[in-house]
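Visitor: One structure coming up, written as structure tokens, with questions to follow.
Readers should treat all values here as calculations from the given coordinates under stated rules, not as data from a laboratory. None of these values were measured; they are calculated from a predicted model. Neighbour counts are summed over all protein chains in view; Cβ atoms, including those assigned to glycine, are modelled from backbone coordinates with ideal geometry.
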Amino acid sequence: MNKPLKQHLIDPEICIRCYTCEMTCPVGAIVHDDSNVVVDAAKCDFCMDCIPVCPTGSIDEWRVVNTPYSLDEQFSWSDLPAQEDIGASTGLEALDDAMEALLAEAHQGAGGKSRAPASASKPTVNLYTLGKPATARVQGNYRLTSAESGSDVRHIILDFGGQPMPVLEGQSIGIIPPGTDADGKPHLPRLYSVSSPRDGERPNYNNLSLTVKREENGLCSNHVCDLAIGDEVQVTGPFGATFLMPQDPEARLLLVCTGTGSAPFRGFTMRRQRAAMAGADMVMFFGARTPDSLPYFGPLNKVPDRVLKKHLVFSRIPGAPKEYVQDRMMVEQETIAEMLADPRTHIFICGLRGMEQGVELAFRNIAESTGLPWETTRDAMRDDGRYHVETY
Ligand code: A2P
């Protein structure tokens, strides 16, 4: 009889195909085909280097198996198989304990897993793949930031014509840059959050918008920022099954973002406005260098406070002290403390990876000043689908 072993797997339903794990794995155990990113059981040595870099937690899946799932089996999955009852199949009850121990060991050190809000709509994922991308046509490319700001952020509108592209607020799509890499292979897609709501940038048109910042030497961001109206773009996705908006109109949203991290929150805000959920509470902390480098500064200021309470904070206004989102959160700690104690509250954090630590510290200070232990509160919210982080 084979000795049961633990196998590292990736949840294809949650994976956003950013390929970060594949690029991180030091032993080349993570590979992809046109549809899925998978782990080769013969190569994985459980070093765990891929676990913290995964933005979704889809990497943190483990099964105890008698025979490891092959690469081909994993490539064919659209969701993960359940844990088999190995103890029962072998008639050995003692195996249950061995399995528990193997699974517990696999989870050691891994972060908590993100869950979708209980009331979120069911997302469609991976409809278009590397092998079978959708072709979108550019309908608009508008600069959102001033030339003087030194930051080139674009509002890009893509039309999908007759091809279905069902995206929910908070989901991303992949854009495949044209051409090939140094090895002559096609480029991997780069991910962008959708910044329009589910019914389209224009209501009931089959289009969507992205918010893209031009990065120096950025292969894909330069391609996207240079697109002209009428150009064709190869698209994969949609991706993302946890960073989704609750549909419960009573849900209170606490949104924290920097720069283009505001993209999903534009979608959230427009959804609530269009679906007339305007009575619900939404509070946003949004950090940028200056007003003219804050994407959607004008339109955002027109959103009434009863829909969205905005705290726009700036780090580089000449003559003014530098302010980060976490600084303003401390100023508004009474509001945040009250929201943290309310089981209807959902927290969404999106933007620079660097802000995560400062924002968590602010949450910790605020929670603990009111006697709420932060880690327990955060983990309970995460388990409940009410704590979501997407940083890059
Ligand atoms: P700064 O760059 O002045 O330090 P960007 O324009 O690069 O997209 O950044 C958006 C905003 O996020 C800027 O105001 C930037 O400030 C700010 N920022 C940079 N690092 C952090 C951090 N660790 N925590 C919070 N905000 C940050």
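Visitor: Taking the Cβ of Val65 as the center, what net charge do the other residues with Cβ under 9 Å away carry, scoring Lys and Arg +1 and Asp and Glu -1? Please list the in-between numbers first.
Guide: Working: positive: Lys6, Arg63; negative: Glu84.
In short, +1.
Visitor: Among rounded, prolate and oblate, which fits the chain when a ≥ b ≥ c are the square roots of the eigenvalues of its C-alpha gyration tensor, a/c under 1.5 means rounded, and a/b larger than b/c means prolate?
Guide: Values: a/c = 1.86, a/b = 1.29, b/c = 1.45.
Oblate, because a/c is 1.5 or more while a/b does not exceed b/c.
Visitor: Counting Lys and Arg as +1 and Asp and Glu as -1, each charge on the Cβ, what is the dipole of region 116-164 about the Cα centre in debye, to the nearest 20?
Guide: Working: 5 positive and 3 negative charges, 46 e Å.
So the dipole magnitude of region 116-164 works out to roughly 220 debye.
Visitor: Something else about it: Take the eigenvalues of the Cα gyration tensor for region 173-220, scale each by 5, and report the square roots as semi-axes in whole Å, largest first. Mind showing how you got there, number by number?
Guide: Details: eigenvalues 150, 31, 9 Å².
Working from the Cα gyration tensor, I get semi-axes of 27, 13, 7 Å.
Visitor: How much length is gained if the chain between Arg364 and Ala320 is pulled fully straight, taking 0.36 nm per residue apart and subtracting their Cα-Cα distance, in nm to one decimal?
Guide: On the way: separation 44, 0.36 × 44 = 15.84 nm, distance 2.69 nm.
Full extension from Arg364 to Ala320 adds 13.1 nm.
Visitor: Would you mind ranking Glu201, Glu61 by Cβ crowding within 10 Å, fewest neighbours first? Please list the in-between numbers first.
Guide: Details: Glu201 23, Glu61 19.
Neighbour counts put them in this order, fewest first: Glu61, Glu201.
Visitor: Obtain the nm distance between the two label points defined at Asp342 and Asn217 by a simple spin-label model: each point lies 7 Å from its Cα along the Cα-to-C-beta direction.
Guide: Taking the two extended label points, one gets 4.7 nm.
Visitor: How would Leu294, Leu144 line up from fewest to most surrounding beta-carbon atoms within 10 angstrom?
Guide: On the way: Leu294 25, Leu144 22.
In order of increasing Cβ crowding within 10 Å: Leu144, Leu294.
Visitor: What is the spin-label model distance, in nm, from Lys302 to Leu5 if the labels are put 7 Å beyond Cα along the C-beta direction?
Guide: 6.1
Visitor: Using R₀ = 35 Å, calculate the FRET efficiency as 1/(1 + (r/R₀)^6) where r is the Cβ-Cβ separation of Gln83 and Ala118; round to 0.05.
Guide: Details: r = 23 Å, r/R0 = 0.67.
Efficiency, from the Cβ-Cβ distance: 0.90.
Visitor: For region 271-314, max minus min Cα coordinate along each principal axis, in Å, sorted largest first?
Guide: 32, 15, 13
Visitor: Apply the Karplus curve 6.51 cos²θ - 1.76 cosθ + 1.60, θ = phi - 60°, to the phi angles in region 54-64 and return the couplings in whole Hz, x for Gly and Pro.
Guide: 6, x, 10, x, 5, 6, 9, 10, 9, 9, 9
Visitor: Something else about it: Going by C-beta contacts inside 10 Å, put Arg190, Arg137, Arg252 in order with the fewest on the left.
Guide: Working: Arg190 22, Arg137 16, Arg252 19.
With the sparsest Cβ surroundings first, the list reads Arg137, Arg252, Arg190.
Visitor: Relative to the longest principal axis of the C-alpha atoms of the chain, give the angle of the C-alpha long axis of helix 263-274, reported between 0 and 90° and rounded to the nearest 10°.
Guide: 70
Visitor: With each pseudo-label sitting 7 Å past Cα toward Cβ, what's the Tyr205-Glu332 distance in nm, one decimal?
Guide: The modelled label-to-label distance comes out at 3.2 nm.
Visitor: For region 329-392, what relative contact order do you get, as a whole percent, if you take Cα pairs closer than 8 Å and at least 6 residues apart? Working shown, then result.
Guide: Values: 49 pairs, mean separation 29.7, N = 64.
After rounding, I find 46 percent.
Visitor: Further question on the same structure: At 0.36 nm per residue, and after removing the present C-alpha to C-alpha distance, how many nm does the segment from Thr67 to Asp292 gain when stretched out fully?
Guide: 75.2 nm
Visitor: Using only Cα atoms, find the angle between the long axis of helix 94-107 and the longest principal axis of the chain, and express it within 0 to 90 degrees, rounded to the nearest 10.
Guide: Between helix and principal axis, roughly 30 degrees.
Visitor: Principal axes first, then extents: for the Cα atoms of region 230-313, list largest minus smallest coordinate on each axis, whole Å, largest first.
Guide: Between the extreme Cα coordinates on each principal axis of region 230-313 lie 39, 33, 24 Å.
Visitor: Still on this structure, please answer the following. Would you calculate a helix-derived [θ] at 222 nm for the chain, using -39,500 (n - 2.57) for each DSSP H run of n ≥ 4 and dividing by the full residue count, to the nearest 500? Intermediate values should be presented prior to the final figure.
Guide: On the way: 12 runs with 98 residues, N = 392.
That calculation yields -7000 deg cm²/dmol at 222 nm.
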